[in-house]
1. Mind checking the per residue accessible area of region 376-583 for me, 1.4 Å probe, whole number of Å²?
2. Accessible area per residue for region 639-749 in Å², computed with a 1.4 Å probe and the full protein assembly in place, what is it?
3. Using a simple charge model, +1 on the beta-carbon of Lys and Arg, -1 on the beta-carbon of Asp and Glu, nothing else, what dipole does region 58-152 show about its Cα centre, in debye to the nearest 20?
4. Among 230, 561, 150, whose Cα projects farthest towards the positive end of the dipole of the chain, with charges put on the beta-carbon of Lys, Arg (+1) and Asp, Glu (-1)?
5. Given the -39500 (n - 2.57) contribution per DSSP H run of 4+ residues, what per-residue ellipticity at 222 nm results for the chain, rounded to the nearest 500 deg cm²/dmol?
6. Report Rg(Cα)/(2.2 N^0.38 Å) for region 293-397, keeping two decimals.
7. Viscosity 1.002 mPa s, temperature 20 °C: Stokes-Einstein D of region 216-346 from its Kirkwood Cα radius, in µm² per second?
8. For residue 64 and residue 464, what does the FRET efficiency come to when R0 = 25 Å and r is the distance between their Cβ atoms, rounded to the nearest 0.05?
Amino acid sequence: MTKQLGILLMLLLFFVGAFSQQKTIDQRVDSLLALMTIEEKVGQMNQYTSFWTVTGPAPAEGRQKKQYEQLRQGLIGSMLNVIGTENVRKVQEIAVNETRLGIPLIFGFDIIHGYKTLAPIPLAESCSWDLDLIEQSARMAATEASAAGINWTFAPMMDISRDARWGRVMEGAGEDPYYTAIVSLARIKGFQTQSLAANNTIAACAKHFAAYGFAEAGKEYNTVNIDPYTLHNVVFPPFEMAVKEGNVRTVMNSFNSLNGVPATGSHYLQREILKGKWNFDGFIVSDWGSVKQMVAHGYAEDDKQAVKIAATTGSDMDMESEGYVTYLADLVRKGEVSESVINDAARRILTVKFELGLMDDPFKYCDPTREEKLLYHKEHKKLAHEIAKKSIVLLKNERNLLPISSKQKKIAVIGDLAADDNSPLGSWRIGSDDHSAVPVLEGIKAYTKNYTYERGVALKNGKTDFLHHVKLNNTDTTGIGKALRLAKSSELVIVVVGEHGFMSGEGRARTDIGIPHLQLDMLKQIYEANSNVVLVLMNGRPLDLSWAEEHIPAILECWHLGTASGNAIADVLFGDYNPSGKLTMSFPRSVGQLPIYYNHYNTGKPFIPNTDIVFHSHYADQANTPLYPFGFGLSYTTYEYSDFQVALRDANKVKVSFEIKNTGKKAGEEVAQVYIRDIAASLVRPVQELKRFKKVALEAGASQKIEFTLTEKDLGFYNSKGLFVFEKGSFDIMIGANARDVQTKRITIK
Ligand code: NOJ
């Protein structure tokens with residue numbers, strides 16, 4: 001038998017195996033469904049957050065007691081936020097041993113950038129442009145979470161983020177739909193791998209469907225009104241890819257209304273697009289309480305009607321509304337909701353439980369020895385460190401202030417955040433332990449002893465409360481005198497400022513996206529005292545850095561980098577790692593520019609640089625461009641792009657080739673980017689669209705040829721009806737180090 005034939009046969013066997021496994025699952029689901037009462041089916045559709053301290057006293061009074069009873073009656077299908085194998089086992093034992101059919105629960109959790117060991121926040125991680133590492137990061141998260149009893153994560157978040165006022169930009173992969181799709185795919189692969197049946201894989205959840213990132217004015221949970229054209233080309237692509245190529249097993253709908261319809265009650269989004277057009281065969285979970293919230297939206301008269309709408313339009317599982325479990329069985333009995341609706345939902349949920357192997361071994365994730373061994377595993381810490389280094393973006397480096405020589409005398413380190421071991425963990429880290437980040441000071445200590453630390457002004461006013469509200473210190477300037485004296489007597493000042501880790505994330509929209517006031521004041525005064533300032537920024541969203549960009553010679557964007565934060569920052573500060581991160585969201589010059597994104601349309605009166613024409617699309621008081629463009633990031637070396645060629649091939653394929661050379665003195669990694677622009681089309685197209693990128697490692701002096709082929713799939717777009725069209729004509733092809741600094745060649749397809 002030839003080798004090819006052998007491979008073919010193996011593939012065939014694999015598909016037959018996968019098919020027959022699915023067939024068995026389908027049959028087993030059918031048999032189970034046939035045994036279930038209406039209440040039990042609805043029970044599968046009900047999800048609660050962890051409702052009592054399983055390790056503590058018996059369930060308390062009121063709602064908790066009722067929920068405990070519901071658990072025993074098989075009226076709960078899933079729980080979220082149960083922490084640790086011991087607790088998961090206790091709850092699971094009740095579901096398996098005390099309910100009539102013994103159907104196990106599926107345990108969900110927000111594992112957004114790690115469970116115990118934390119990688120950088122997702123927005124930061126996306127700046128690495130390193131898909132392999134991003135996948136490994138999700139793998140690490142899944143390994144730890146599954147070892148702690150969890151079998152389902154509410155990630156990846158794939159909302160397109162164009163407005164830095166929105167606190168949840170920290171959770172996604174930035175403003176570009178193509179890049180977000182590819183990063184999300186890597187994350188899904190890392191969570192789910194090829195086989196959900198293993199005990200170290202977990203089901204992923206594509207969220208939030210849909211358009212949550214377009215919340216008006218960046219205000220949390222706000223209304224979204226966008227046209228179908230934007231939906232199909234900007235919002236949907238990552239979700240479509242997650243379903244079709246990533247086989248994502250669950251999708252979460254979203255809190256917002258979209259064009260007048262709350263997403264949780266949207267027939268169009270859930271039945272027509274997701275389950276219809278894309279054939280999604282996993283299940284949809286509502287967002288927290290979003291079923292009942294349709295009453296507040298003004299879309300349902302009361303909770304009962306909200307339940308009816310949500311279930312019939314395709315929300316399969318109700319997270320924390322307690323709505324399905326209260327009303328749905330009755331609605332089915334009265335014929336107001338068809339029984340096929342709950343059959344379909346329960347079927348989808350049970351299928352995923354079978355796929356996870358929970359039906360065969362409900363305790364497969366509950367091994368305390370594994371838990372003990374894998375949480376904070378030293379290999380995970382190493383990986384988190386590696387990703388953190390690669391997520392840092394060098395925004396400015398004048399006078400070659402960076403990297404710092406470890407022989408440098410008299411370094412001052414100033415800023416509350418420099419000593420902080422909690423804030424760098426960022427938002428969304430509920431599984432991890434507070435104060436488990438390496439602070440910047442500790443990282444620096446590993447490179448030099450020639451530094452002195454002063455806190456300067458405090459970032460916060462007191463402690464964060466249990467909901468992690470950060471009260472900013474806007475009054476207490478104690479500490480600034482000492483900091484200024486230190487700056488004056490030092491040769492170099494590292495200033496660590498920015499947002500506290502809990503200033504971004506859900507419910508953390510801001511109208512002021514500057515460096516929090518007193519810290520900015522302090523930075524200005526330090527700069528007056530000593531202009532040799534290296535600014536180390538920590539934040540969960542693009543900030544307005546206009547003043548800093550104008551004055552400060554060196555700026556390092558360090559986000560919230562997770563467990564290994566301080567080590568990674570020190571590696572870059574002292575040149576042990578040559579920064580390679582590039583921004584995935586444009587940084588505005590002021591909040592007034594928001595929303596700002598590189599892939600906008602041109603308008604009929606586009607901005608013309610270097611003119612004072614009044615009647616063109618611009619602001620009278622500010623430049624049109626962002627402060628730092630999409631794709632931007634510097635390095636300690638330099639790169640040159642040359643020999644750029646485009647050629648037309650058969651079947652409307654465009655071959656793009658160019659060479660990159662490392663023209664500096666240090667080895668480094670460069671993210672080369674390819675953009676297109678469709679010059680004229682039946683609908684206006686963006687001025688630029690990212691279509692390919694490659695991260696290449698180059699020794700000093702080395703060069704590499706890069707080649708890509710663009711196809712009709714890259715050159716076409718969705719029309720307003722959601723049909724994909726390719727239109728012949730002229731296209732600009734652009735290559736470069738970021739969206740601003742590009743070389744362009746035009747090609748015409750006849
Ligand atoms: C609300 C958030 O919007 C969602 O992303 C999250 O997964 C759920 N809460 C569960 O915590």
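The values are calculated or read from the model by the stated rules, or taken from the named source; none is laboratory data. Keep in mind the model is a prediction, meaning the values are calculated, not measured. Every residue, glycine as well, gets a Cβ built from its backbone with ideal geometry; the counts of neighbours run over all protein chains shown. Just so you know, the surface numbers come from the protein's heavy atoms only, side chains and all, with ligands and any DNA or RNA stripped out. Shrake-Rupley method; radii C 1.70, N 1.55, O 1.52, S 1.80 Å.
1. On the way: 7750 Å² over 208 residues.
Per-residue value: 37 Å².
2. Details: 5100 Å² over 111 residues.
Here the per-residue accessible area is 46 Å².
3. Dipole of region 58-152, to the nearest 20 debye: 580 debye.
4. Most positive-ward Cα: 561.
5. -8500 deg cm²/dmol
6. 1.73
7. 143 µm²/s
8. Numbers: r = 26 Å, r/R0 = 1.05.
After rounding, the FRET efficiency stands at 0.45.
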